[in-house]
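Single-structure report; data block below.
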Amino acid sequence: MEKVAATRLLICGLFAVLCLFSCPATSSEVEDESEFSYEEDEKNGPSGWGEIKPEWRLCNTGKMQSPIDLLNKRVQVVSHLGALQMKYHPSNATLKNRGHDIMLEWAAGAGYLQINETQYILRQCHWHSFSEHTIDGKRFDLELHMVHETEAGEAAVIGILYKIGKPDAFLSSLRDDIKAISDKTDAEENVGIVDPWLIKPSSLRYYRYMGSLTTPPCTENVVWTILAEVRTVSKKQVKLLRDAVHDGSETNARPLQPINNRLVELYKPKAYKKD
């Protein structure tokens, strides 16, 4: 009996370890962002998120947190991941002011991203400025997150980085709607049918790693895909997004988190040639 009990304990322990690295995230980002801030000198700032609520503890204790620096010297270049498999479609959307960011939500979903055999439904997108992820220590001016979930709550996020340059057409199409909910926390604006393809989420190269949500509850085992091709956005567009939330902070970007020996892959097709 003692041997059986020991065997069961060993199996349970192995399962827990496997789940730590492979079990999917099952919690969405918080809708009300008023309970935390991005000011490091505040008690509810990034370093204290895990102490605000018990269910947010991973923000402080997690070992697979996001964002991270995509340091090229430790990135493993691969070709086996394959091109991104996305099947999006236009769907009714609502623009929301969450207090620290502006979110565009497709409540009924707007198609899906497929990774291996799993289909992640596109639920929403939102913006962070400056960028949360960095490449070789370089921070960009804006980062868009396309948040996908399975019916069971497993999460996958596509991140797109932007530098100052020509205006982004997708943001331009939402300019008046963003102004309509500017400085009104919890305000919503039905923007009608929005096609996710206007974001232009495809890319020949992308980074892939396992991380977390970058806002509370900081749930881990999120599949991250960061497009390697940096897009452009105008200064006015970045300012519009920051002024709209009017949270008194210069940024809504979480500080970089330790990589902790995680595998970071860079997908590059075998036939890829840099321009």
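Points worth noting:
- Residue within segment 35-44 that is surrounded by 10 or more Cβ atoms within 10 Å (Cβ to Cβ), among the hydroxyl-bearing types (Ser, Thr, Tyr), modelled with pLDDT of 75 or more and touching a helix residue (DSSP H, G or I) at 6+ places or on another chain (Cβ under 7 Å) present: yes
- Candidate set: segment 242-258, residues that are out of contact with any His (no Cβ under 9 Å at 6 or more places or on another chain) and either part of a helix (DSSP H, G or I) or of a type in the set (S, T, N, Q) (or both); chosen: the one surrounded by the fewest Cβ atoms within 10 Å (Cβ to Cβ): Asp243
- Among (1) free of Cβ contacts under 8 Å to residues at least 40 places away in the same chain; (2) surrounded by 19 or more Cβ atoms within 10 Å (Cβ to Cβ), the one test that Asn261 misses: (2)
- For segment 217-224, the criterion of a residue being closer than 18 Å to Asn72 by Cα, out of contact with any helix residue (DSSP H, G or I) (no Cβ under 8 Å at 6 or more places or on another chain) and surrounded by 16 or more Cβ atoms within 10 Å (Cβ to Cβ) is satisfied by at least one position.
- Here the condition is being within 21 Å of Ser28 (Cα to Cα), of a type outside the set (A, V, I, L, M) and within 13 Å of the chain's Cα centre (by Cα); of Ser131, Ser91, it holds for Ser131 alone.
- Only one entry of Gln114, Gln65 meets the criterion of being of a type outside the set (A, V, I, L, M) and part of a strand (DSSP E or B), and that entry is Gln114.
- A residue that is out of contact with any Asp or Glu (no Cβ under 7 Å at 6 or more places or on another chain), without any contact (Cβ under 8 Å) to a residue 40 or more places away in the chain and not basic (Lys, Arg) occurs somewhere in segment 191-213.
The values are calculated or read from the model by the stated rules, or taken from the named source; none is laboratory data. What you see is a predicted model, and the numbers here were worked out from it, not measured in a lab. All Cβ positions, glycine included, derive from the backbone under ideal geometry; neighbour counts span all protein chains shown.
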